[in-house]
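The values are calculated or read from the model by the stated rules, or taken from the named source; none is laboratory data. Everything numeric here is computed off the predicted structure, so don't read it as measured data. All Cβ positions, even for glycine, are placed from backbone atoms using ideal geometry, and neighbour counts span all protein chains on display. Protein only, heavy atoms only, side chains kept; ligands, DNA and RNA dropped before computing areas. Shrake-Rupley method; radii C 1.70, N 1.55, O 1.52, S 1.80 Å.
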Amino acid sequence: MAKQIYAKHILLKDGWSENVLMEIDANGIIRTLEINAKLPREFTGEFIQHSVIPGMVNNHSHAFQWAMAGLAEQSGTGNDSFWSWRKIMYDFVGKITPDDLEAIASALYMQMLKAGYTSVGEFHYLHHDVNGQHYTNQAEMSQRIFEAASYSGINVTLLPVFYRYSGFGEQPPNVGQQRFINSQEQYADLLNSISNLADTYGQNFGIAPHSLRAVNRDDISFAIKHLDSINNKAPIHIHIAEQLKEVDDCLRVYGKRPVEWLADNFELNNRWCLVHATHMNLEEVVTVASSNAVVSVCTSTEGNLGDGFFLMQNYKKNNGAWGVGSDSHISVDAAEELRWLEYQNRLMSHSRTVLTDGDYSSNGHWLWAKAAQGGAQSLNNSAGAIEVGAKADFIELDNEDISLLGKKDNDLIDSLIFNQQSSLKFNSVWVSGNRVIDGGHHVHEKAIKDNYKNVLKKLLS
(Lines give C-alpha, C1' and ligand atoms only; values in the text may rest on other atoms or scores of the structure.)
Protein backbone atom coordinates (compact mmCIF):
# COMPACT_ATOMS: atom_id res chain seq x y z
CA MET A 1 0.00 0.00 0.00
CA ALA A 2 1.36 3.40 -0.99
CA LYS A 3 2.05 6.01 1.68
CA GLN A 4 2.93 9.70 1.82
CA ILE A 5 5.68 11.39 3.84
CA TYR A 6 6.00 15.15 4.18
CA ALA A 7 9.43 16.51 5.15
CA LYS A 8 9.96 20.14 6.15
CA HIS A 9 13.70 20.17 5.32
CA ILE A 10 15.41 17.43 3.35
CA LEU A 11 18.66 16.73 1.51
CA LEU A 12 17.75 15.44 -1.94
CA LYS A 13 20.37 14.21 -4.40
CA ASP A 14 20.48 17.67 -6.01
CA GLY A 15 20.68 19.59 -2.74
CA TRP A 16 18.62 20.83 0.17
CA SER A 17 14.88 21.46 -0.31
CA GLU A 18 11.96 22.48 1.86
CA ASN A 19 8.39 21.21 2.21
CA VAL A 20 8.83 18.04 0.18
CA LEU A 21 5.96 15.59 -0.30
CA MET A 22 7.07 12.02 -1.06
CA GLU A 23 4.90 9.25 -2.47
CA ILE A 24 6.28 5.83 -1.50
CA ASP A 25 5.03 2.55 -2.98
CA ALA A 26 4.40 -0.77 -1.23
CA ASN A 27 8.01 -1.84 -1.87
CA GLY A 28 9.41 1.20 -0.10
CA ILE A 29 10.49 2.95 -3.33
CA ILE A 30 10.07 6.71 -3.76
CA ARG A 31 7.73 7.20 -6.72
CA THR A 32 7.20 10.98 -6.65
CA LEU A 33 8.85 14.00 -5.02
CA GLU A 34 7.06 17.34 -4.91
CA ILE A 35 9.22 20.27 -3.78
CA ASN A 36 7.72 23.34 -2.04
CA ALA A 37 4.48 21.42 -1.66
CA LYS A 38 1.63 22.58 0.51
CA LEU A 39 0.62 20.10 3.19
CA PRO A 40 -2.66 18.54 1.96
CA ARG A 41 -5.69 19.53 4.04
CA GLU A 42 -6.71 15.89 4.59
CA PHE A 43 -3.13 14.62 5.01
CA THR A 44 -3.03 11.15 6.59
CA GLY A 45 0.63 10.33 5.96
CA GLU A 46 3.76 10.81 8.08
CA PHE A 47 5.00 14.30 8.94
CA ILE A 48 8.73 14.84 9.61
CA GLN A 49 9.47 18.12 11.39
CA HIS A 50 13.28 18.05 11.57
CA SER A 51 15.97 17.90 8.87
CA VAL A 52 16.30 14.70 6.81
CA ILE A 53 19.43 13.21 5.20
CA PRO A 54 20.02 9.93 3.31
CA GLY A 55 20.66 6.82 5.38
CA MET A 56 24.26 5.60 5.41
CA VAL A 57 25.28 2.25 3.87
CA ASN A 58 27.54 -0.07 5.87
CA ASN A 59 29.14 -2.17 3.16
CA HIS A 60 31.31 -4.47 5.25
CA SER A 61 30.15 -6.35 8.35
CA HIS A 62 31.08 -9.55 10.18
CA ALA A 63 28.10 -9.67 12.55
CA PHE A 64 29.39 -12.42 14.85
CA GLN A 65 32.57 -10.46 15.63
CA TRP A 66 30.58 -7.75 17.40
CA ALA A 67 30.11 -10.04 20.40
CA MET A 68 33.90 -10.03 20.96
CA ALA A 69 34.49 -6.31 20.36
CA GLY A 70 36.61 -5.00 23.22
CA LEU A 71 37.77 -8.47 24.29
CA ALA A 72 41.05 -8.47 22.36
CA GLU A 73 42.67 -5.40 23.91
CA GLN A 74 44.95 -7.14 26.43
CA SER A 75 48.48 -7.66 25.17
CA GLY A 76 49.88 -11.07 24.48
CA THR A 77 53.54 -12.04 24.21
CA GLY A 78 55.66 -10.09 21.77
CA ASN A 79 54.09 -7.74 19.24
CA ASP A 80 50.32 -8.03 18.75
CA SER A 81 48.97 -7.73 15.21
CA PHE A 82 46.06 -8.69 12.98
CA TRP A 83 47.35 -12.27 13.12
CA SER A 84 47.33 -12.51 16.93
CA TRP A 85 43.85 -10.90 16.97
CA ARG A 86 42.68 -13.50 14.44
CA LYS A 87 43.60 -16.36 16.78
CA ILE A 88 41.45 -14.85 19.55
CA MET A 89 38.61 -14.48 17.04
CA TYR A 90 38.87 -18.13 15.96
CA ASP A 91 38.71 -19.29 19.58
CA PHE A 92 35.61 -17.17 20.18
CA VAL A 93 33.78 -18.11 17.01
CA GLY A 94 34.04 -21.81 17.83
CA LYS A 95 31.25 -21.45 20.40
CA ILE A 96 28.51 -19.66 18.42
CA THR A 97 25.26 -21.51 17.61
CA PRO A 98 22.57 -20.48 15.09
CA ASP A 99 20.42 -19.04 17.91
CA ASP A 100 23.45 -17.13 19.18
CA LEU A 101 24.19 -15.69 15.75
CA GLU A 102 20.61 -14.51 15.25
CA ALA A 103 20.60 -12.78 18.64
CA ILE A 104 24.00 -11.14 18.04
CA ALA A 105 23.10 -9.96 14.53
CA SER A 106 19.69 -8.62 15.66
CA ALA A 107 21.34 -6.55 18.39
CA LEU A 108 24.08 -5.34 16.05
CA TYR A 109 21.64 -4.33 13.33
CA MET A 110 19.54 -2.44 15.87
CA GLN A 111 22.67 -0.54 16.89
CA MET A 112 23.52 0.13 13.25
CA LEU A 113 20.10 1.66 12.68
CA LYS A 114 20.53 3.88 15.73
CA ALA A 115 23.91 4.97 14.34
CA GLY A 116 22.53 6.01 10.95
CA TYR A 117 23.12 2.87 8.88
CA THR A 118 20.04 1.79 6.93
CA SER A 119 21.69 -0.94 4.81
CA VAL A 120 24.41 -3.46 5.54
CA GLY A 121 26.58 -5.82 3.50
CA GLU A 122 27.06 -8.96 5.59
CA PHE A 123 30.38 -10.62 4.67
CA HIS A 124 29.25 -13.91 6.18
CA TYR A 125 31.60 -16.86 6.66
CA LEU A 126 30.28 -18.71 9.70
CA HIS A 127 28.60 -21.52 7.73
CA HIS A 128 28.94 -24.81 9.64
CA ASP A 129 28.43 -26.20 13.15
CA VAL A 130 31.02 -26.07 15.93
CA ASN A 131 32.58 -29.31 14.63
CA GLY A 132 32.82 -28.04 11.06
CA GLN A 133 29.92 -30.22 9.88
CA HIS A 134 27.17 -28.96 7.60
CA TYR A 135 23.81 -28.24 9.18
CA THR A 136 20.85 -30.22 7.81
CA ASN A 137 19.85 -26.91 6.25
CA GLN A 138 23.17 -25.94 4.66
CA ALA A 139 22.12 -22.27 4.73
CA GLU A 140 21.04 -22.36 8.40
CA MET A 141 23.43 -19.65 9.53
CA SER A 142 22.70 -17.52 6.48
CA GLN A 143 18.98 -17.75 7.16
CA ARG A 144 19.61 -16.49 10.71
CA ILE A 145 21.20 -13.37 9.22
CA PHE A 146 18.11 -12.79 7.08
CA GLU A 147 15.91 -13.32 10.15
CA ALA A 148 17.93 -10.79 12.15
CA ALA A 149 17.67 -8.24 9.35
CA SER A 150 13.93 -8.78 9.08
CA TYR A 151 13.39 -8.45 12.84
CA SER A 152 15.52 -5.33 13.15
CA GLY A 153 14.25 -3.72 9.95
CA ILE A 154 17.57 -3.11 8.20
CA ASN A 155 18.27 -3.79 4.51
CA VAL A 156 20.86 -6.57 4.14
CA THR A 157 22.91 -7.83 1.22
CA LEU A 158 24.14 -11.27 2.23
CA LEU A 159 27.62 -12.07 0.92
CA PRO A 160 28.42 -15.73 1.69
CA VAL A 161 32.17 -16.19 1.98
CA PHE A 162 34.02 -18.73 -0.13
CA TYR A 163 36.93 -20.05 1.93
CA ARG A 164 39.13 -23.08 1.14
CA TYR A 165 42.72 -22.52 2.31
CA SER A 166 44.60 -21.11 5.29
CA GLY A 167 47.19 -19.22 3.28
CA PHE A 168 48.82 -18.52 -0.08
CA GLY A 169 49.97 -21.60 -1.93
CA GLU A 170 46.78 -23.54 -1.08
CA GLN A 171 47.83 -24.31 2.48
CA PRO A 172 45.36 -26.68 4.18
CA PRO A 173 42.82 -25.00 6.49
CA ASN A 174 43.49 -25.06 10.22
CA VAL A 175 41.13 -26.14 12.99
CA GLY A 176 40.02 -22.57 13.70
CA GLN A 177 38.73 -22.27 10.12
CA GLN A 178 36.68 -25.47 9.99
CA ARG A 179 33.37 -23.63 10.24
CA PHE A 180 34.18 -21.58 7.12
CA ILE A 181 35.35 -24.17 4.57
CA ASN A 182 33.44 -25.26 1.45
CA SER A 183 34.40 -27.06 -1.74
CA GLN A 184 33.34 -25.51 -5.03
CA GLU A 185 30.30 -27.79 -5.28
CA GLN A 186 29.28 -27.08 -1.69
CA TYR A 187 29.63 -23.36 -2.23
CA ALA A 188 27.43 -23.53 -5.34
CA ASP A 189 24.75 -25.37 -3.37
CA LEU A 190 24.98 -22.79 -0.58
CA LEU A 191 24.66 -19.93 -3.05
CA ASN A 192 21.58 -21.53 -4.62
CA SER A 193 19.92 -21.72 -1.20
CA ILE A 194 20.85 -18.14 -0.35
CA SER A 195 19.44 -16.91 -3.66
CA ASN A 196 16.10 -18.50 -2.76
CA LEU A 197 16.22 -17.05 0.76
CA ALA A 198 16.96 -13.59 -0.60
CA ASP A 199 13.81 -13.80 -2.72
CA THR A 200 11.78 -14.99 0.27
CA TYR A 201 13.00 -12.20 2.54
CA GLY A 202 13.01 -9.49 -0.15
CA GLN A 203 16.74 -8.86 0.29
CA ASN A 204 19.90 -8.86 -1.84
CA PHE A 205 22.80 -11.30 -2.08
CA GLY A 206 26.17 -11.62 -3.79
CA ILE A 207 29.41 -13.52 -3.27
CA ALA A 208 32.53 -12.97 -1.19
CA PRO A 209 35.66 -14.90 -2.14
CA HIS A 210 37.33 -14.29 1.21
CA SER A 211 40.81 -13.25 0.05
CA LEU A 212 43.60 -14.31 -2.27
CA ARG A 213 45.08 -16.37 0.54
CA ALA A 214 41.81 -18.30 1.12
CA VAL A 215 40.85 -19.14 -2.50
CA ASN A 216 42.74 -19.55 -5.76
CA ARG A 217 42.07 -18.22 -9.25
CA ASP A 218 39.96 -21.21 -10.27
CA ASP A 219 37.81 -20.86 -7.14
CA ILE A 220 37.11 -17.18 -7.82
CA SER A 221 36.28 -17.91 -11.47
CA PHE A 222 33.96 -20.72 -10.43
CA ALA A 223 32.14 -18.55 -7.89
CA ILE A 224 31.64 -15.68 -10.35
CA LYS A 225 30.43 -18.01 -13.09
CA HIS A 226 27.90 -19.62 -10.75
CA LEU A 227 26.75 -16.24 -9.46
CA ASP A 228 26.27 -15.01 -13.03
CA SER A 229 24.06 -18.00 -13.78
CA ILE A 230 21.72 -16.78 -11.02
CA ASN A 231 22.11 -12.98 -11.18
CA ASN A 232 24.74 -11.32 -13.36
CA LYS A 233 24.34 -7.98 -11.58
CA ALA A 234 24.89 -9.26 -8.04
CA PRO A 235 27.94 -7.86 -6.19
CA ILE A 236 31.37 -9.47 -5.69
CA HIS A 237 33.29 -8.56 -2.50
CA ILE A 238 36.81 -9.59 -1.50
CA HIS A 239 39.30 -8.72 1.25
CA ILE A 240 42.41 -7.40 -0.47
CA ALA A 241 45.81 -5.98 0.54
CA GLU A 242 44.78 -5.37 4.14
CA GLN A 243 48.09 -6.23 5.81
CA LEU A 244 51.73 -5.97 4.77
CA LYS A 245 52.23 -9.71 5.35
CA GLU A 246 49.48 -10.40 2.82
CA VAL A 247 51.28 -8.26 0.23
CA ASP A 248 54.61 -10.01 0.92
CA ASP A 249 53.06 -13.50 0.73
CA CYS A 250 51.29 -12.65 -2.51
CA LEU A 251 54.54 -11.39 -4.05
CA ARG A 252 56.29 -14.58 -2.94
CA VAL A 253 53.67 -16.96 -4.39
CA TYR A 254 52.27 -15.06 -7.39
CA GLY A 255 55.08 -12.63 -8.13
CA LYS A 256 52.62 -9.73 -8.00
CA ARG A 257 50.99 -7.51 -5.43
CA PRO A 258 47.40 -8.50 -4.43
CA VAL A 259 45.50 -5.73 -6.25
CA GLU A 260 47.84 -5.99 -9.23
CA TRP A 261 47.23 -9.77 -9.44
CA LEU A 262 43.46 -9.40 -9.07
CA ALA A 263 43.23 -6.77 -11.82
CA ASP A 264 45.41 -8.84 -14.15
CA ASN A 265 43.27 -11.95 -13.69
CA PHE A 266 39.72 -10.57 -13.46
CA GLU A 267 37.77 -7.75 -15.04
CA LEU A 268 37.13 -5.31 -12.22
CA ASN A 269 33.93 -3.33 -12.74
CA ASN A 270 31.08 -1.71 -10.83
CA ARG A 271 30.03 -5.06 -9.30
CA TRP A 272 33.27 -5.42 -7.38
CA CYS A 273 33.98 -4.19 -3.86
CA LEU A 274 37.59 -4.34 -2.68
CA VAL A 275 37.55 -4.40 1.11
CA HIS A 276 40.36 -2.44 2.80
CA ALA A 277 42.83 -2.20 -0.12
CA THR A 278 45.02 -0.54 2.50
CA HIS A 279 48.34 -1.33 0.85
CA MET A 280 48.05 -0.26 -2.80
CA ASN A 281 50.72 1.54 -4.72
CA LEU A 282 49.86 4.54 -6.92
CA GLU A 283 49.52 2.44 -10.07
CA GLU A 284 47.03 0.15 -8.33
CA VAL A 285 45.07 3.16 -7.05
CA VAL A 286 44.59 4.36 -10.64
CA THR A 287 43.63 0.86 -11.80
CA VAL A 288 40.93 0.42 -9.16
CA ALA A 289 39.56 3.96 -9.45
CA SER A 290 39.23 3.72 -13.25
CA SER A 291 37.53 0.30 -13.06
CA ASN A 292 34.43 1.73 -11.30
CA ALA A 293 34.84 -0.83 -8.52
CA VAL A 294 34.16 0.35 -4.96
CA VAL A 295 36.64 0.26 -2.09
CA SER A 296 35.28 -0.41 1.39
CA VAL A 297 37.25 1.67 3.89
CA CYS A 298 36.79 0.39 7.46
CA THR A 299 38.62 3.10 9.36
CA SER A 300 37.89 2.08 12.95
CA THR A 301 38.72 -1.60 12.41
CA GLU A 302 41.81 -0.80 10.35
CA GLY A 303 42.97 1.47 13.16
CA ASN A 304 42.17 -1.12 15.82
CA LEU A 305 44.15 -3.82 13.98
CA GLY A 306 47.01 -1.52 13.01
CA ASP A 307 46.48 -2.21 9.29
CA GLY A 308 47.59 1.17 7.95
CA PHE A 309 46.14 4.13 6.02
CA PHE A 310 44.16 3.94 2.79
CA LEU A 311 45.54 6.28 0.08
CA MET A 312 42.34 8.30 0.00
CA GLN A 313 43.71 11.54 -1.41
CA ASN A 314 45.26 9.79 -4.41
CA TYR A 315 42.12 7.71 -4.87
CA LYS A 316 39.93 10.83 -4.76
CA LYS A 317 42.08 12.56 -7.40
CA ASN A 318 41.27 9.64 -9.70
CA ASN A 319 37.51 9.82 -8.94
CA GLY A 320 37.42 6.43 -7.24
CA ALA A 321 34.16 5.13 -5.71
CA TRP A 322 34.22 4.15 -2.04
CA GLY A 323 32.07 3.33 0.96
CA VAL A 324 32.53 2.60 4.64
CA GLY A 325 32.13 -0.54 6.74
CA SER A 326 32.19 -1.19 10.46
CA ASP A 327 33.82 -4.62 9.84
CA SER A 328 34.62 -6.07 13.30
CA HIS A 329 32.33 -3.45 14.93
CA ILE A 330 34.86 -2.07 17.35
CA SER A 331 32.82 1.01 16.53
CA VAL A 332 29.26 1.08 15.17
CA ASP A 333 29.01 4.74 14.22
CA ALA A 334 28.75 6.04 10.66
CA ALA A 335 29.92 9.52 11.65
CA GLU A 336 33.02 8.16 13.38
CA GLU A 337 34.12 6.16 10.32
CA LEU A 338 33.91 9.31 8.20
CA ARG A 339 35.44 11.61 10.80
CA TRP A 340 38.53 9.45 11.18
CA LEU A 341 38.88 8.94 7.46
CA GLU A 342 39.16 12.73 7.18
CA TYR A 343 41.39 13.04 10.26
CA GLN A 344 43.82 10.39 8.98
CA ASN A 345 44.27 12.43 5.82
CA ARG A 346 44.64 15.68 7.75
CA LEU A 347 47.37 14.12 9.87
CA MET A 348 49.21 12.74 6.85
CA SER A 349 48.98 16.00 4.85
CA HIS A 350 49.29 18.47 7.75
CA SER A 351 46.24 20.34 6.46
CA ARG A 352 42.47 20.64 6.98
CA THR A 353 39.24 19.92 5.07
CA VAL A 354 41.09 17.51 2.81
CA LEU A 355 38.12 15.56 1.41
CA THR A 356 35.76 18.09 -0.16
CA ASP A 357 34.28 19.05 -3.52
CA GLY A 358 36.73 21.94 -3.87
CA ASP A 359 36.82 25.57 -2.74
CA TYR A 360 34.10 26.70 -0.33
CA SER A 361 32.43 23.29 -0.12
CA SER A 362 31.27 21.18 2.79
CA ASN A 363 33.63 18.52 4.11
CA GLY A 364 30.80 16.63 5.81
CA HIS A 365 28.46 16.70 2.82
CA TRP A 366 31.14 15.27 0.50
CA LEU A 367 31.99 12.48 2.94
CA TRP A 368 28.38 11.52 3.68
CA ALA A 369 27.15 11.66 0.07
CA LYS A 370 30.10 9.80 -1.46
CA ALA A 371 30.10 7.07 1.19
CA ALA A 372 26.35 6.51 0.96
CA GLN A 373 26.31 6.39 -2.84
CA GLY A 374 29.43 4.23 -3.16
CA GLY A 375 28.15 1.90 -0.47
CA ALA A 376 24.80 1.52 -2.24
CA GLN A 377 26.55 0.68 -5.52
CA SER A 378 28.65 -1.97 -3.80
CA LEU A 379 25.52 -3.74 -2.48
CA ASN A 380 23.49 -3.45 -5.71
CA ASN A 381 21.08 -1.44 -3.59
CA SER A 382 18.87 1.39 -4.88
CA ALA A 383 19.75 3.63 -1.94
CA GLY A 384 22.41 6.18 -1.02
CA ALA A 385 20.47 9.30 -2.06
CA ILE A 386 16.92 10.57 -1.72
CA GLU A 387 15.49 10.63 -5.23
CA VAL A 388 12.72 9.13 -7.35
CA GLY A 389 13.34 5.41 -7.89
CA ALA A 390 15.43 4.99 -4.73
CA LYS A 391 14.47 3.29 -1.51
CA ALA A 392 12.99 5.59 1.10
CA ASP A 393 15.95 5.12 3.45
CA PHE A 394 16.71 8.23 5.44
CA ILE A 395 17.46 9.75 8.84
CA GLU A 396 15.68 12.53 10.66
CA LEU A 397 18.20 14.63 12.56
CA ASP A 398 17.34 16.08 15.96
CA ASN A 399 17.77 19.79 15.22
CA GLU A 400 17.33 20.49 18.94
CA ASP A 401 20.36 18.38 19.86
CA ILE A 402 22.97 20.61 21.49
CA SER A 403 25.54 19.83 18.76
CA LEU A 404 23.15 20.83 15.95
CA LEU A 405 21.51 23.91 17.45
CA GLY A 406 21.41 26.88 15.09
CA LYS A 407 22.85 24.90 12.17
CA LYS A 408 21.26 24.65 8.73
CA ASP A 409 21.83 22.83 5.46
CA ASN A 410 25.38 21.46 5.07
CA ASP A 411 26.40 22.89 8.45
CA LEU A 412 24.14 20.21 9.92
CA ILE A 413 26.14 17.39 8.30
CA ASP A 414 29.46 19.01 9.17
CA SER A 415 28.33 19.22 12.79
CA LEU A 416 26.92 15.68 12.73
CA ILE A 417 30.37 14.35 11.82
CA PHE A 418 32.78 16.82 13.42
CA ASN A 419 30.97 18.12 16.52
CA GLN A 420 31.07 14.83 18.41
CA GLN A 421 29.09 14.91 21.66
CA SER A 422 27.62 12.19 23.88
CA SER A 423 24.10 13.06 22.78
CA LEU A 424 21.43 11.71 20.45
CA LYS A 425 21.57 13.41 17.04
CA PHE A 426 18.93 11.28 15.28
CA ASN A 427 15.25 11.72 16.03
CA SER A 428 14.13 8.86 13.79
CA VAL A 429 15.47 6.41 11.19
CA TRP A 430 13.47 5.14 8.22
CA VAL A 431 14.03 2.07 6.03
CA SER A 432 11.92 1.55 2.91
CA GLY A 433 9.55 4.22 4.17
CA ASN A 434 9.07 2.58 7.58
CA ARG A 435 10.09 4.24 10.84
CA VAL A 436 12.40 1.69 12.53
CA ILE A 437 13.96 3.99 15.16
CA ASP A 438 11.83 6.56 16.98
CA GLY A 439 13.27 8.88 19.60
CA GLY A 440 16.40 6.74 19.71
CA HIS A 441 14.47 3.54 20.45
CA HIS A 442 13.65 0.38 18.50
CA VAL A 443 10.23 -1.25 18.74
CA HIS A 444 11.82 -4.60 19.72
CA GLU A 445 14.61 -3.07 21.81
CA LYS A 446 13.95 -4.85 25.11
CA ALA A 447 13.61 -8.32 23.56
CA ILE A 448 16.68 -7.82 21.37
CA LYS A 449 18.78 -6.60 24.29
CA ASP A 450 17.61 -9.40 26.62
CA ASN A 451 18.42 -12.07 24.02
CA TYR A 452 21.84 -10.57 23.38
CA LYS A 453 22.58 -10.36 27.10
CA ASN A 454 21.79 -14.07 27.53
CA VAL A 455 24.01 -15.03 24.61
CA LEU A 456 26.94 -13.01 25.98
CA LYS A 457 26.50 -14.56 29.39
CA LYS A 458 26.87 -18.00 27.83
CA LEU A 459 29.72 -17.16 25.45
CA LEU A 460 31.79 -15.32 28.07
CA SER A 461 31.34 -17.86 30.86
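Condition first: within 27 Å of residue 382 (Cα to Cα), among the hydroxyl-bearing types (Ser, Thr, Tyr) and open to solvent by less than 40 Å² (accessible area, probe 1.4 Å). Can you find one or more residues in segment 176-185 that meet it? Talk me through it step by step, then tell me what you get.
Initial filter on segment 176-185 (within 27 Å of residue 382 (Cα to Cα)): none.
No, every residue in segment 176-185 fails to be within 27 Å of residue 382 (Cα to Cα), among the hydroxyl-bearing types (Ser, Thr, Tyr) and open to solvent by less than 40 Å² (accessible area, probe 1.4 Å).
Considering only segment 311-323, I want to know if a residue exists there that is within 25 Å of residue 397 (Cβ to Cβ), of a type outside the set (S, T, N, Q) and surrounded by 15 or more Cβ atoms within 10 Å (Cβ to Cβ). Break it down into steps so the answer makes sense when it comes.
First, pick out the residues of segment 311-323 that are within 25 Å of residue 397 (Cβ to Cβ): 322-323.
Remaining after also requiring of a type outside the set (S, T, N, Q): 322-323.
Subsequent filtering for residues that are surrounded by 15 or more Cβ atoms within 10 Å (Cβ to Cβ) retains 322-323.
The answer is yes; a qualifying residue exists.
Out of 402, 448, 417, 437, I need the residue that is farther than 15 Å from residue 120 by Cα and in a loop (DSSP other than H, G, I, E, B). Which one? So that I can check it myself, show each step before the final result.
Working: 448 fails: in a loop (DSSP other than H, G, I, E, B); 417 fails: in a loop (DSSP other than H, G, I, E, B); 437 fails: in a loop (DSSP other than H, G, I, E, B).
Among 402, 448, 417, 437, only 402 is farther than 15 Å from residue 120 by Cα and in a loop (DSSP other than H, G, I, E, B).
Table: residues versus (1) surrounded by 14 or more Cβ atoms within 10 Å (Cβ to Cβ); (2) under 17 Å from residue 105 (Cβ atoms).
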position	(1), (2)
411	yes, no
414	yes, no
418	yes, no
427	yes, no
431	yes, yes
434	yes, no
440	yes, no
451	yes, yes
460	no, no
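Which ones in segment 249-279 are aromatic (Phe, Trp, Tyr) and assigned to a loop (DSSP other than H, G, I, E, B)?
Just the residues of segment 249-279 that are aromatic (Phe, Trp, Tyr), to begin with: 254, 261, 266, 272.
Listed by number, the list holds a single entry, 266.
Go through segment 131-170 and count every residue that is over 30 Å from residue 248 (Cα atoms), in contact (Cβ under 8 Å) with a residue 60 or more places away in the chain and buried (at least 23 other Cβ atoms within 10 Å of the Cβ).
Residues that pass the stated criteria total 6.
Within the bounds of segment 281-299, is there any residue that is part of a helix (DSSP H, G or I), within 23 Å of residue 125 (Cβ to Cβ) and either open to solvent by less than 40 Å² (accessible area, probe 1.4 Å) or in contact with a Pro (Cβ under 9 Å, 6 or more places away or on another chain) (or both)?
Restricting attention to segment 281-299, the residues satisfying the condition of being part of a helix (DSSP H, G or I) are 282-291, 299.
Subset that is within 23 Å of residue 125 (Cβ to Cβ): 299.
Within this subset, residues satisfying the condition of being either open to solvent by less than 40 Å² (accessible area, probe 1.4 Å) or in contact with a Pro (Cβ under 9 Å, 6 or more places away or on another chain) (or both) are 299.
The answer is yes; a qualifying residue exists.
I'd like the residue in segment 215-248 that is part of a helix (DSSP H, G or I) and charged (D, E, K, R) and, out of all such residues, is most open to solvent (accessible area, probe 1.4 Å). If you could, list the steps in order and put the result at the bottom.
Within segment 215-248, the subset part of a helix (DSSP H, G or I) is 217-230, 244-248.
Checking which are charged (D, E, K, R) leaves us with 217-219, 225, 228, 245-246, 248.
Numbers: 217: 107, 218: 96, 219: 1, 225: 158, 228: 60, 245: 99, 246: 5, 248: 94 Å².
Restricting to residues being part of a helix (DSSP H, G or I) and charged (D, E, K, R), the top hit is 225.
Of the conditions (1) touching a residue at least 40 places away in the same chain (Cβ under 8 Å); (2) in contact with a strand residue (DSSP E or B) (Cβ under 6 Å, 6 or more places away or on another chain); (3) open to solvent by less than 60 Å² (accessible area, probe 1.4 Å); (4) among the hydrophobic types (A, V, I, L, M, F, W, C), residue 388 fails just one. Which one is it?
If we test residue 388 against (1) touching a residue at least 40 places away in the same chain (Cβ under 8 Å); (2) in contact with a strand residue (DSSP E or B) (Cβ under 6 Å, 6 or more places away or on another chain); (3) open to solvent by less than 60 Å² (accessible area, probe 1.4 Å); (4) among the hydrophobic types (A, V, I, L, M, F, W, C), just (3) comes out false.
If the Cβ limit is 9 Å and pairs must be 6+ apart or interchain, which residue in segment 261-282 that is touching a residue at least 12 places away in the same chain (Cβ under 8 Å) pairs with which residue that is open to solvent by 20 Å² or more (accessible area, probe 1.4 Å) and part of a strand (DSSP E or B)?
270/321
Which of the residues that make up segment 187-214 are of a type in the set (Phe, Trp, Tyr) and either surrounded by fewer than 23 Cβ atoms within 10 Å (Cβ to Cβ) or over 21 Å from the mean Cα position of the chain (by Cα) (or both)? Lay out the reasoning, then the answer.
Of segment 187-214, the ones of a type in the set (Phe, Trp, Tyr) are 187, 201, 205.
Scanning segment 187-214 gives 187, 201.
Could you list, ordered by first residue, the pairs with Cβ atoms under 8 Å in which the first is in segment 10-28 and at positive phi and the second is outside any strand (DSSP E or B) and open to solvent by 20 Å² or more (accessible area, probe 1.4 Å), at least 6 apart or interchain?
Pairs that qualify, where the first residue is at positive phi and the partner is outside any strand (DSSP E or B) and open to solvent by 20 Å² or more (accessible area, probe 1.4 Å), are 19/35; 19/36; 19/38; 19/39; 28/432.
Restricting to segment 319-363, name every residue that is assigned to a helix (DSSP H, G or I) and closer than 30 Å to residue 203 by Cβ. Steps first, please.
So in segment 319-363, the residues assigned to a helix (DSSP H, G or I) come out as 334-349, 363.
Scanning segment 319-363 gives 334, 335, 336, 337, 338, 339, 340, 341.
Can you name the number of the only condition in (1) crowded, with 19+ Cβ neighbours inside 10 Å; (2) touching a helix residue (DSSP H, G or I) at 6+ places or on another chain (Cβ under 9 Å) that residue 356 fails?
(1)
Please find, within segment 33-66, the residue that is farthest from residue 114 (Cα to Cα) out of those that are surrounded by 14 or more Cβ atoms within 10 Å (Cβ to Cβ) and among the aliphatic types (A, V, I, L, M).
Once the filter is applied, the top-ranked residue is 37.
Filter segment 5-32 for residues that are open to solvent by 50 Å² or more (accessible area, probe 1.4 Å) and within 11 Å of residue 392 (Cβ to Cβ) and give the result. Walk me through how you get there before you give the answer.
First pass over segment 5-32, keeping only residues open to solvent by 50 Å² or more (accessible area, probe 1.4 Å): 8, 13-14, 16, 18, 23, 26-27, 31-32.
Within segment 5-32, 23, 27, 31 meet the criteria.
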